[in-house]
Amino acid sequence: MGRTITEKVIETHLVSGRFIPGDEIGIRIDQTLTQDATGTMAYLQFESLNIPRVKTELSVSYIDHNTVQIGFENADDHRYLQSIAQKYGIYLSRPGNGICHQVHLERFGKPAKTLIGADSHTPTAGALGTLAFGAGGLDVALAMAGEPFYFTCPYVIRIVLTGKLPPWVSAKDIVLKVLDLFTTKGNVGCVFEYGGKGTAGLSVPERATIANMGAECGVTTSIFPSDEMTALFLKAQQREMDWVEIKADPDASYHRIVEINLSELAPLTARPHSPDNISTVRDMGEIEVNQVCIGSCTNSSYRDLATVATILRGKAVHPGVSLVVAPGSRQVLENLLRDGYLADLIAAGARLAENACGFCIGNSQSPRGKAVSLRTSNRNFPGRSGTRDADVYLVSPETAAAAAVTGRFTDPRDLGIPYPEIRMPKRFHIDDRMIIKPEDKPTTVEIYRGPNIGPPPKSDPLPETIAGVVTIKIGDNITTDHIIPAGRRMKYRSNIPKYAEFVFELPDKSFPERAKKARDEGKHNIIVAGLSYGQGSSREHAAICPMFLGVRAVIARSFERIHAANLINFGIVPLTFKEEGDYNRLEQGDSLEIPDIKRMIEEDGKITVKNLSQGTSFEVVCNLSARQKKILPAGGLLNLQKRDYI
């Protein structure tokens, strides 16, 4: 039997287990990346392991999230990250050099290698044939220490792309179609592996857009073959020596095969407030648009922005629209400048933002109240833009540019102009001076710690019995943005006591106060949730901050992969309802008791939850690997791992 691309890369990196979908496996990690919103905690955790130097082939620290420096906190943290990188053998991409996924694609990603990053969109590197995973910062810290990365061996879904994209339909429309087919739920434990003749015609930046938003489907990762298109991209980046071919065998076996005919696609949009709420642009009618934001790790490549610039050439942005353009990297910006496209953008009235995440994470360019904002980013969760009542639509760069000109939702095919034909540079202008190499003499480096940096909070071992209160009951599709907000609050990411004050700020501002009260009274806090709990960002603070507030268990209808792993890593028990109706019977404020939880986890026993308020009981399930059955009783992975290092 032939093998898939996924099988080939995993099997060459296996440390424990076998390629049996559904079983836990451990693989060797070649590369890691962090960004500044998650990186500070990851490096604090790495420091606590007392490892003198990273053990990966390559580790890169990117500063791309908190670059709008209001207050001292972000600048202090950036200095901490630079000193950590120099001391421990990590490359540092300075503020302004670009978004981690775009820069990693350009300068570091390699076919057939493994990569984990403390960011859920790390699978963007799958465009190069890299097996790339989003993970919590603690998993990244352990990978830097030379430990395997453990995850559930995936089921591989082959997505066969046939036909050819029509004019005005682009890669963003392909991945929005994927979201239309698969939705944001029910894909945990799967990999999207792309193939087919339609795939062969897509450039690496186009593939990156598609791999990037696989994260919104909840899959483990997405991957493309490494082929002639990959070789062309790496040659343009002056990295042709990094190319190797990797493709699936013709007789490879898949869990499922789905075909998408590119010739039949039309411009699409994801309506508020979920990436899988899909409609054609034409069906939206002529909705007035107030803001257009073009950029993010999904659509900020040279090709994307050159296309937008060509559409805007000789035109002006509509008076009712604020147009923001954020190039994905300094390389993209400089090449746009050299080729004249930047002049077109500026002449049309675009507001040029920094080469950073910016508007995508809600730390800048928030729209006005009740605005309609069209964005080329990957998430449109409620409030993520920084404006709670804004309606955010996800669109392609072509659709975004059309709205910027007309002031309303417009199918770009209706602009009445020829579709831009962008000729990609055979060689990009390369300038890596904003990437700092690690210090050759690490003993001379002193770690800088500002007042906003604190040690990782400690978690107590799991108690024999969890006895507490349902501190909050929430519904389906709760994202990590709901649990712990990004944007202006993210500057406290290294100060857990402060950051914890904003847990569940969006759905229920009073949660931290209730949780602290219960914790201080000696009660455990329990979260009750619906389907797909923990969607979105890999932000492990969505587990660390609740842990700090005394949360010991989350009972949900289902969990997303990265968040479930983060909960376990920080000593919070993820439990799923055995019977669907039990969720409906629970009320916020109910007193619950989960007797013998520690023993039941260790012995695979039946876990019963007693509802003392209602005088009832129900069963829950805790699906753990043998390794995780050791982590939870210890109170978390750091507690367990430090015993081996100290």
I need HIS104, HIS541 ordered by Cβ neighbour count within 10 Å, fewest first. HIS104, HIS541
In whole percent, the Cα-Cα distances of the range 466-645 spread across 5 Å bins from 0 upward as 1, 9, 18, 22, 22, 16, 8, 3, 1, 0
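With the convex hull built on the Cα atoms of the range 1-134, state its orientation-averaged projected area in nm². Walk me through the intermediate numbers first.
Working: hull surface 35.9 nm².
Mean projected area for the range 1-134: 9.0 nm², to one decimal.
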How large, in Å, is the range 85-159 by the Kirkwood hydrodynamic radius built from its alpha-carbon pairs? 13.5
Relative contact order for the chain: what is it in percent, counting Cα pairs under 8 Å that are at least 6 residues apart? 14
Over the residues of the range 331-388, compute the C-alpha Rg and express it relative to 2.2 N^0.38 Å. 1.32
Quote the FRET efficiency, to the nearest 0.05, computed for MET241 versus GLU521 with a Förster distance R0 of 60 Å and r equal to the Cβ-Cβ distance. 0.45
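What does the charge add up to near ASP411, with Lys and Arg as +1, Asp and Glu as -1, over the other residues with Cβ less than 12 Å from its Cβ?
Working: positive: ARG282, ARG408, ARG413; negative: ASP173, ASP283, GLU286, GLU398, ASP414.
Its environment carries a net charge of -2.
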Which loop trypsin sites (Lys or Arg not before Pro) in the range 488-526, with loop taken from DSSP, have no more than 13 other Cβ atoms within 10 angstrom of their Cβ? LYS509
Please report the net charge: other residues with Cβ closer than 9 Å to the Cβ of LEU462, K and R +1, D and E -1. 0
Three-way shape call for the range 373-475 based on the alpha-carbon gyration tensor, with the a/c threshold at 1.5: oblate
To check my understanding: the extent here is largest minus smallest coordinate of the Cα atoms along each principal axis. What are those three numbers for the range 214-341, in Å, largest first? 55, 38, 26
Which far-off residues, 5 or more places away or on another chain, put their amide H under 5 Å from the one on ARG408, with H placed in the peptide plane? VAL289
Once amide H atoms are placed 1.01 Å from N in the peptide plane, what residues at a sequence separation of 5 or more from GLY635, or on another chain, have their amide H within under 5 Å of its amide H? LEU462
Only bridges with both residues in the range 268-411 count here: give the DSSP antiparallel percent, nearest 5. 30
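What's the longest piece of the chain with no exposed GluC sites (Glu not before Pro), counting a site as exposed if DSSP puts it in a loop and it has at most 15 other beta carbons within 10 Å? Don't jump to the answer; show the numbers that get you there.
On the way: sites that count: GLU57, GLU245, GLU286, GLU421, GLU439, GLU446, GLU464, GLU521, GLU579, GLU580, GLU587.
After excluding every exposed loop site, the longest remaining stretch is 58-244.
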Where the centroid of each part is defined by its Cα atoms, how far is the range 320-379 from the range 443-463 in Å? 35
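Fewest first, what order do THR444, THR152, THR40 take by the number of other Cβ atoms within 10 Å? Walk me through the numbers on the way to the answer.
Values: THR444 9, THR152 20, THR40 26.
So the residues, fewest neighbours to most, are THR444, THR152, THR40.
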How much of the DSSP beta bridge set in the chain is antiparallel, as a percent to the nearest 5? 30
Run the helix sum for the chain: -39,500 (n - 2.57) per DSSP H stretch of 4+ residues, divided by residue count, reported at 222 nm to the nearest 500 deg cm²/dmol. -8500 deg cm²/dmol
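Sort VAL317, VAL289, VAL258 so the one with the fewest other Cβ atoms within 10 Å of its own Cβ comes first. Present the calculation step by step, with values, prior to reporting the outcome.
Numbers: VAL317 20, VAL289 26, VAL258 14.
The most exposed by this proxy come first: VAL258, VAL317, VAL289.
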Evaluated at q = 0.10, 0.11 Å⁻¹: base-10 log I(q)/I(0), Debye formula over Cα of the range 5-264: -0.48, -0.58
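Pairwise over distinct Cα atoms, reciprocal of the mean inverse distance: report the Kirkwood radius of the range 328-434 in Å, one decimal place.
So the Kirkwood estimate lands at 15.8 Å.
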In a solvent-free Debye calculation with one equal scatterer on each Cα, what is log10 I(q)/I(0) for the chain at q = 0.05, 0.09 Å⁻¹, listed in the order of the q values? -0.21, -0.70
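Which of the peptides 122-135, 370-383 is most tightly packed, and how do the rest follow, judged by the mean count of other Cβ atoms within 10 Å per residue?
Numbers: 122-135: 29.5, 370-383: 23.7.
My ranking of the peptides, most packed first, is 122-135, 370-383.
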Projected-area mean, the range 418-511, by convex hull of Cα positions, square nanometres: 15.0
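Can you give the charge dipole size of the range 268-411 about its Cα centre, rounded to the nearest 20 debye, using +1 on the beta carbon of Lys and Arg and -1 on the beta carbon of Asp and Glu?
Dipole magnitude for the range 268-411 comes out near 240 debye.
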Roughly how many Å is it from the Cα centre of the range 222-239 to that of the range 485-559, as a whole number? 41
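What fraction, in whole percent, of alpha-carbon pairs in the range 268-411 exceed 25 Å separation? Mind showing how you got there, number by number?
Working: 1832 of 10296 pairs.
When every Cα pair of the range 268-411 is considered, 18 percent fall beyond 25 Å.
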Would you please classify the overall shape of the range 510-572 from the alpha carbon gyration tensor, given that a ≥ b ≥ c denote the square roots of the eigenvalues, rounded means a/c under 1.5, and beyond that prolate means a/b larger than b/c while oblate covers the rest? prolate
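Using the alpha carbons of the range 366-407, what is the convex hull volume per residue in cubic angstrom, as a whole number?
58
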Lys and Arg at +1, Asp and Glu at -1: add these up for the other residues within a Cβ distance under 9 Å of VAL156 and post the number. 0
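Where a number appears in this text, it was derived from the coordinates with a stated rule and is not lab data. Everything numeric here is computed off the predicted structure, so don't read it as measured data. So basically every Cβ, Gly included, is an ideal-geometry build from the backbone, and we count neighbours across all protein chains shown.
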